[in-house]
1. Provide the packing ranking of 434-445, 371-382, 289-300, i.e. peptides ordered by the mean count of other C-beta atoms within 10 Å per residue, highest first.
2. At 1.4 Å probe size, with every protein chain present, just tell me what the per residue accessible area of segment 235-415 comes to in Å².
3. What full-extension length gain, to one decimal in nm, is calculated for Asp71 and Ser332 as 0.36 nm per residue of separation minus the Cα-Cα distance?
4. Can you pick out the pairs among Lys256/Lys472; Lys18/Lys492; Lys289/Lys522 whose Cα atoms lie more than 28 Å from each other?
5. How much FRET efficiency would the formula 1/(1 + (r/R0)^6) give for Lys482 and Glu45, where r is the Cβ-Cβ distance and R0 is 56 Å, rounded to 0.05?
6. Could you state the principal axis extents of the C-alpha atoms in segment 422-535, from the largest down, to the nearest angstrom?
7. Please list the non-local residues whose amide H lies under 5 Å from the amide H of Leu262, H modeled 1.01 Å from N, same-chain partners needing a gap of 5 or more.
8. Compute the length gained on full extension between Lys18 and Val504: take 0.36 nm times their separation in residues and subtract their Cα-Cα distance, giving the result in nm to one decimal.
Amino acid sequence: GKLGRYPPWPGKIVNPPKDLKKPRGKKCFFVKFFGTEDHAWIKVEQLKPYHPHKEEMIKINKGKRFQQAVDAVEEFLRKTKGKDQASSHNSTEEKNRRNSSEERSKQSAGEEKRKASLSEGKVKKGTGEGKKRVSSVSSERGSKSPLKRAQDQSPRKRGRPPKDEKDLTIPESSTVKRVMTGTVAGFKWPPSVSEPVKDSDPHFHHFLLSQTEKPAVCYQAITKKLKVCEEETGSTSIQAADSTAVNGSITPTDKKIGFLGLGLMGSGIVSNLLKMGHTVTVWNRTAEKCDLFIQEGARLGRTPAEVVSTCDITFACVSDPKAAKDLVLGPSGVLQGIRPGKCYVDMSTVDADTVTELAQVIVSRGGRFLEAPVSGNQQLSNDGMLVILAAGDRGLYEDCSSCFQAMGKTSFFLGEVGNAAKMMLIVNMVQGSFMATIAEGLTLAQVTGQSQQTLLDILNQGQLASIFLDQKCQNILQGNFKPDFYLKYIQKDLRLAIALGDSVNHPTPMAAAANEVYKRAKALDQSDNDMSAVYRAYIH
């Protein structure tokens, strides 16, 4: 996006992730921004040395996030100053040694100890136009990024940067910092990608899966960019559609959007759809939940049928299979508003049989159907950082492009209806089982006289370190079980995942054991608390 409107921001030149090609044209460096953990390609003429321009920057920027960024720079400079002095006499030898991958990993290990960074495995929206700007631009919203929140909550400031990240040796000094003032160049993709989706956010990506039995490609998102590594089999079953637009902004669809269900997830989704300029009509079973969104510019629908009949694309996000069926098949339900050309997108996490049945009745009336369950929680929903798993009508998936960009950071298209439901249940099965294991470990530590805080510190220094682990442990340590993901819903997902295993005679003993613990927590009146309240099932 055009960053001329943005204030200058302190950053550090680092090596880009492997397989991330440099933009063509003018010389540029890959820059990591302090205080935000954003990354971007910055043209060399838009970089300035940190110290000479420090005071100028401070005059321009007054926000708290910027001050945190400056503090991070100064802390980094203090820690690296001694090392630079000690190593300056053999810098030539150091450059030669940096060429080996072994040395790069050693440098990363050293960087891990020196820097306060929670960047590994955590994906954050970068510096594009619109809502995904450098944090200072949108700081008046008053909401912190998930990354920043994890840092603020945690007493530690540890973690590790990506393994291939290291300081670039540049003439002035290896600690010279550069300031960003210009445009961010687009990223290049592997040669086998689809045509770009028009009018889209450069930090949002579509993954398109064809229906082959075994995927021949593995994929990993890195700061919302895709790294594709092909296996020896050669054929590709995953294609990434580059959604980068020239101007880097989201152009909202001119189609009328409906939304049914304003729970923990739906509320954040609708809020982001409105912020991105979509025309939205809302409905909720308890109508008072609609009031806030009416004030934000949404229209009110009296029944699901009315919303569907007056809108082009209607999304729904409700609690479980029964609620999803009732919404479509019940009185004044979705089906009564369906006529040829009407589109229905079900974002509820349900079983494949339920979603297949709903698809059939919608299509039988001439409607178009897409399932699009989302991976995330209330906070990620509010931040527009959900992961969307879609399947069904491919054309409808593309029509939903601006909506998915508003609510999420990544979407996957998984082929025929039912695939997204299965994948979503598997994802939540893993998450729910992991949460139960965390609770089990923390309670075992307590009853054996070990410090729970020390256990968390140890885990956060190891390979299990993640935002999820840290936030859920913090919930437990603070006794704060305000719902971010209802316990009753993760238990529902475990139950459905176990049933999915039953349907193909596949054993799911870990999920089955976790499910029993969540059932115990529900019996202890923890249903409407966060999933981390499963901890209470272990307290004697």
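The values are calculated or read from the model by the stated rules, or taken from the named source; none is laboratory data. In this text, all values refer to a predicted model and were calculated from it rather than measured experimentally. Virtual Cβ from ideal backbone geometry, glycine too; neighbours counted across all protein chains shown. Quick note on the areas: whole protein, heavy atoms, side chains included, nothing else; ligands and nucleic acids left out. Shrake-Rupley method; radii C 1.70, N 1.55, O 1.52, S 1.80 Å.
1. Values: 434-445: 19.8, 371-382: 23.6, 289-300: 15.7.
So the order, starting with the most tightly packed, is 371-382, 434-445, 289-300.
2. On the way: 6400 Å² over 181 residues.
Spelled out: the 1.4 Å probe surface of segment 235-415, per residue, equals 35 Å².
3. Values: separation 261, 0.36 × 261 = 93.96 nm, distance 5.70 nm.
Taking Asp71 through Ser332 to full extension adds about 88.3 nm, to one decimal.
4. Details: Lys256/Lys472 38 Å; Lys18/Lys492 40 Å; Lys289/Lys522 25 Å.
Those over the limit are Lys256/Lys472; Lys18/Lys492.
5. On the way: r = 48 Å, r/R0 = 0.86.
That gives a FRET efficiency of 0.70.
6. Rounded to whole Å, the extents work out to 42, 32, 25 Å.
7. Those lying under 5 Å, H to H, from Leu262 are Arg285.
8. Numbers: separation 486, 0.36 × 486 = 174.96 nm, distance 3.87 nm.
Residue separation times 0.36 nm, minus the Cα-Cα distance, leaves 171.1 nm.
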